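Comments concern the structure below.
The values are calculated or read from the model by the stated rules, or taken from the named source; none is laboratory data. Just so we're clear, the structure is a prediction, and the values are computed from it rather than from any experiment. Quick reminder, even Gly has a Cβ in these numbers, built from the backbone with ideal geometry, and neighbours come from all protein chains shown. Areas reflect the complete protein model, heavy atoms only, side chains present, ligands, DNA and RNA absent. Shrake-Rupley method; radii C 1.70, N 1.55, O 1.52, S 1.80 Å.
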Amino acid sequence: MYQSILTITAKEDVYSMFHSWHKGSSNKVYAANAGDVDGQKLCEKLSLFGMEHSSGKDVKEGQCVFSCGMELSSGKDVKEGQCVFSCCWSCQTRTHASHLPPGKYKEHIDFLGVIFLHGLGDTGHGWSEALAGIKSPHVKYICPHAPVMPVSLNMNMSMPSWFDIIGLSPDSQEDEAGIKQAAENVKALIDQEVKNGIPSNRIILGGFSQGGALSLYTALTTHQKLAGVVALSCWLPLRATFPQGPISGVNKDIAVLQCHGDCDPLVPVMFGSLTVEKLKTMINPANVTFKTYSGMMHSSSLEEMMDVKQFIDKHLPPTD
């Protein structure tokens, strides 16, 4: 999909343009042709939005211009003194100026997304770093933070948690109301990304441990068609509430990658085995993949992350 561009001249108010963009549609992409704007001042204004600096003060003809923490723009036709800046809300852009008139560019954005939910006591920051090592430039990665709440399993200590966990045995009582509310919150997050321009069937939902459990439950109960699920070291919550036999929802044929360490002391691999058996009765069994990793505990590994990358690349390929 090729997005329209907006080219501004040096006499226009750069700050106002980006402020207007920031509050407007997240799918609009802009280029700033700011030939006579002082590069440092422009950088200072743009940094107010938490963007990376785009310096055009000393740009020479043929140089590349770095834009918004993304890939390098090709500056083959950029003339001396111009400042080319590009950004989109998803921060997943590729800018090519090599075959366009000076100061303009063609923007190509693939609207694809991965929403990944962290485990108990963690935050989204840890998994955002892990996913950075396997990310594809055409995919937006979202790693939200769970709310802080008392957790029964941990003596009611408050910590980031998607829902309360009472025990870690197959017959432990479950926080049914909390799990269902957490799933609604994830569905609202998916809806927000749909509003931002990513169709739900171009979104993979994933998570680790408690986050993986929530991703599985959400995918099986939502009316939003998803591209797939990545479920790491987890289990299926409220499994007894699901009907026997195949589900009839929009995700009855969803692709699932389930991974587990065979030495996991917290969520034993047996949980993973029971979950995959249940999943294969609910959705198309041909689309369920279960991988175990020798010696891996309640953690991740490079081998597992490479399998995750392969799954994401397969089910979220770039669009032409």
Q. Tell me, what is the per residue accessible area of the stretch 113-316 in Å², probe radius 1.4 Å?
A. 43
Q. Got a sec? Charge dipole of the stretch 113-316, +1 on Cβ for Lys and Arg, -1 for Asp and Glu; which of GLY124, PRO144, ALA219 is way out at the positive end?
A. ALA219
Q) Ignoring ligands, DNA and RNA, how do CYS143, CYS234, CYS263 rank by accessible area with a 1.4 Å probe, largest first? A) CYS263, CYS143, CYS234
Q.
At 0.36 nm per residue, and after removing the present C-alpha to C-alpha distance, how many nm does the segment from ALA188 to ALA286 gain when stretched out fully?
A. 32.4 nm
Q | For the stretch 113-316, size of Cβ-based charge dipole, Lys and Arg +1, Asp and Glu -1, in debye | A | 680
(Q) Rounded to the nearest 10 Å², what accessible area does LYS252 have for a 1.4 Å probe in the complete protein model? (A) 100
(Q) Counting only protein heavy atoms and a 1.4 Å probe, tell me what percentage of the stretch 113-316's accessible area is made up of carbon and sulfur. (A) 56
(Q) So, taking all protein chains as they sit and a 1.4 Å probe, how much accessible area belongs to LEU168, in Å² rounded to tens? (A) 60
Q.
Under the √(5λ) rule applied to the eigenvalues of the Cα gyration tensor, what semi-axes describe the equivalent ellipsoid of the stretch 113-316? Give them in Å, descending.
A. 22, 19, 19
(Q) Can you sort GLU174, GLU304 by solvent-accessible area, 1.4 Å probe, largest first? (A) GLU174, GLU304
**Q.** Subset of LYS195/LYS278; LYS140/LYS278; LYS135/LYS291; LYS135/LYS280; LYS278/LYS314 violating a 27 Å alpha-carbon distance limit
**A.** LYS195/LYS278; LYS140/LYS278; LYS135/LYS280
